[in-house]
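Notes for the one structure printed next.
The values are calculated or read from the model by the stated rules, or taken from the named source; none is laboratory data. Predicted, not measured: the structure shown is a model, and the values here were computed from it. When we count neighbours, we look across all protein chains shown, and the Cβ atoms used for this are built from the backbone with ideal geometry, even at glycine. Just so you know, the surface numbers come from the protein's heavy atoms only, side chains and all, with ligands and any DNA or RNA stripped out. Shrake-Rupley method; radii C 1.70, N 1.55, O 1.52, S 1.80 Å.
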Amino acid sequence: MISCDGRRGYAQRKCHINVLLIYPECPDTFWSFKHALKFIGKRAGSPPLGLLTVAAMLPAAWSKRLVDLNETKLRPKDLAWADLAMVSGMVVQRESARRVIGRCKAAGLTVVAGGPLFTIEHEDFPEVDHFVLNEAEVTLPPFLADLAAGRPKRLYSDVERPELDKTPVPQWELSNLKRYGWMSVQYSRGCPFQCDFCNVTSLFGHRPRVKTSGQIIAELDRLYALGWRRSVFFVDDNFIGKKAVLKTDLLPALIAWQKRHPGTPFTTEVSMNLADDEELMAMMAEAGFDQVFIGVETPDDTGLSECNKTQNQGRDLVADVKRIQRAGLQVQGGFIVGFDSDKPSIFQRQIDFIQSSGIVTAMVGLLQAVPGTRLYERLKGEGRLCGPMSGDNVDGTTNLVPRMGAERLRDGYRKILAHIYAPKNYYRRIRTFLREYRAPKIKARVQFQDVLAFLRSVFHLGMVRKGRLHYWGLLAWATFRRPELFSLAVRLAISAHHCRVVFRRHVLR
Ligand code: B12
């Protein structure tokens, strides 16, 4: 119980509190980009946007310190300084979160936990003092009010989906920006589609909720003022969930912003129907977007129909990907094997699709049943769940009993990864992509780290690692055929190298 009578107590509104915002360690996965970040001398992908947003919602009088375990350590002197620890995290950070919470409790701190891990699994953390779950815009104010009144409850949860127009600018100044590869901003939450394996709609709803362009410009201005000049990732569930508002509000504002601050590339996540809208693609490219992540899932229409991925059904998906690439947007893709309708031929079909589409960064995963999804409920009803999911859908594990048999599925999965991340094949994919891709008009600034990354790639990929000849072949090809895309070719070689290392370590051992 918290009170205001001791060094670590605080019940009155005016009490000054030292709060440690802690982000647990992420494992070495596809999404950690760890083996690519080393080339540019960065320690982690991006700062924890959830915690930085929460920081901006806390009373101004509180002193705040961010400890992101992906780029630094939690030191005894941080624990001694703090009164309160606020911990965030995703399911994959579960073990690190447990260790962190243990250390905070041993140091006598009150622990408040929130974010996706705890929203899903709070019962498994009995040592946490207060849970502030779901979206903090709704649950944090009552917690803070109760705390100030000296009677905070153990659990705050609310499924209300707030509008985002009051969400404050995240407090990036708490993080050491130099240590990160990119910055994240969030424009919207929610997705209009209803894929049965995805929990986005159960977490954030069907109706995309958006920030105003004014909010986003204020966020970008803040990052710029803090000296950020590299890539910015719009971490939306589906950036094009509200096309009309995008075209009339956000994109015109971003286009104007890019003119004032040239050279900040944007990336985001979208659905395949982007390929239908030439105007939207052109506006995105003009605004500075040069890369999108798309859930392709499977080239098999029956599989798409089984998981209710209606937006990908009945289309020529390779042609769609190429259309998007020609508009100046690199496509990264998510793929899934393990649908009930998957036949043994699916593995070769996935390989053929990935190779011919020129999707260099292909995140291929086994189907997992995530609690809260329709897939989970169906398989539970059929008695086909087998234990908790790891939370990382590309670690080669699954928590469901596949129709084709676990052994066959695992073998086929390994076959896909061994093929697409064999140097010969991914270097070939890079060329397939570069042939199609229209170079973006917005040129990212070449920074010292980029020169360093190139030199490191010459050493590691050109001299030490397997696939050296392919690396030099690509550089020669790019020099003569697409010189304007030379630095992109190098970046893609580094990124594919990361995927190769991750998959070899976790799946192809
Ligand atoms: C950006 C993003 C990433 C980034 C990581 C960013 C980072 N630095 O952590 C990348 C691309 C690297 C990533 C990777 C993964 N991700 Co991800 N990712 C997202 C995404 C799209 C946005 C997250 C975000 O920044 N949101 C914006 C901020 C403002 O929202 P927020 O973090 O949720 O915070 C709000 C509340 O949760 C709350 N809150 C958050 N923390 C705290 C703490 C306290 C104390 C309090 C009070 C409140 C609070 O307040 C905030 C304001 O409302 C979400 C989907 C989504 N819409 O949230 C998925 C999501 C978080 N990811 C998810 C997953 C599963 C993954 C992966 C495991 C996927 C995979 N297959 O490998 C990997 C794991 C990463 C790794 N290295 O191993 C899941 C997590 C599910 C879960 N229950 O944990 C989500 C929810 C997507 C989903 N469909 O389920 N991801």
Of residues in region 44-66 being in contact with a Ser or Thr (Cβ under 8 Å, 6 or more places away or on another chain) and not small (Gly, Ala, Ser), the one nearest to residue 143 (Cα to Cα): 54
Evaluate the following for residue 250: is it crowded, with 21+ Cβ neighbours inside 10 Å and in contact (Cβ under 8 Å) with a residue 60 or more places away in the chain? yes
If residue 212 passes every condition in (1) near the ligand (Cβ under 10 Å from one of its atoms); (2) among the β-branched types (Val, Ile, Thr); (3) open to solvent by 30 Å² or more (accessible area, probe 1.4 Å) but one, which one does it miss? (1)
Any residue in region 464-477 that is over 28 Å from residue 326 (Cα atoms), touching a Leu at 6+ places or on another chain (Cβ under 8 Å) and open to solvent by 30 Å² or more (accessible area, probe 1.4 Å)? yes
All positions within region 337-368 that are part of a strand (DSSP E or B) and open to solvent by 10 Å² or more (accessible area, probe 1.4 Å): 363
Is there any pair linking a residue in region 369-392 that is assigned to a loop (DSSP other than H, G, I, E, B) to one that is open to solvent by 50 Å² or more (accessible area, probe 1.4 Å) and of a type in the set (S, T, N, Q), with Cβ under 6 Å and at least six apart or on different chains, and which? 372/202; 390/397
For region 384-403, check the following and say yes or no: at least one residue is in contact with a helix residue (DSSP H, G or I) (Cβ under 9 Å, 6 or more places away or on another chain), on the phi > 0 side of the Ramachandran plot, open to solvent by less than 20 Å² (accessible area, probe 1.4 Å) and of a type outside the set (Phe, Trp, Tyr). yes
Residue that is nearest to the ligand (Cβ to nearest atom), among those in region 131-144 that are open to solvent by 10 Å² or more (accessible area, probe 1.4 Å) and more than 14 Å from residue 166 (Cβ to Cβ): 132
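Of 161, 189, 179, 154, which residue is surrounded by 19 or more Cβ atoms within 10 Å (Cβ to Cβ) and in contact (Cβ under 8 Å) with a residue 24 or more places away in the chain? Lay out the reasoning, then the answer.
Values: 161 fails: surrounded by 19 or more Cβ atoms within 10 Å (Cβ to Cβ); 179 fails: surrounded by 19 or more Cβ atoms within 10 Å (Cβ to Cβ); 154 fails: surrounded by 19 or more Cβ atoms within 10 Å (Cβ to Cβ).
Answer to the check: 189.
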Test each condition in (1) part of a loop (DSSP other than H, G, I, E, B); (2) surrounded by 13 or more Cβ atoms within 10 Å (Cβ to Cβ) for residue 445 and report the one that comes out false. (2)
May I ask you to say which residue of 97, 106, 85 is more than 6 Å from the ligand (Cβ to nearest atom) and without any contact (Cβ under 8 Å) to a residue 60 or more places away in the chain? 106
Conditions (1) open to solvent by 30 Å² or more (accessible area, probe 1.4 Å); (2) within 9 Å of the ligand (Cβ to nearest atom) -> residue 171 fails only (2)
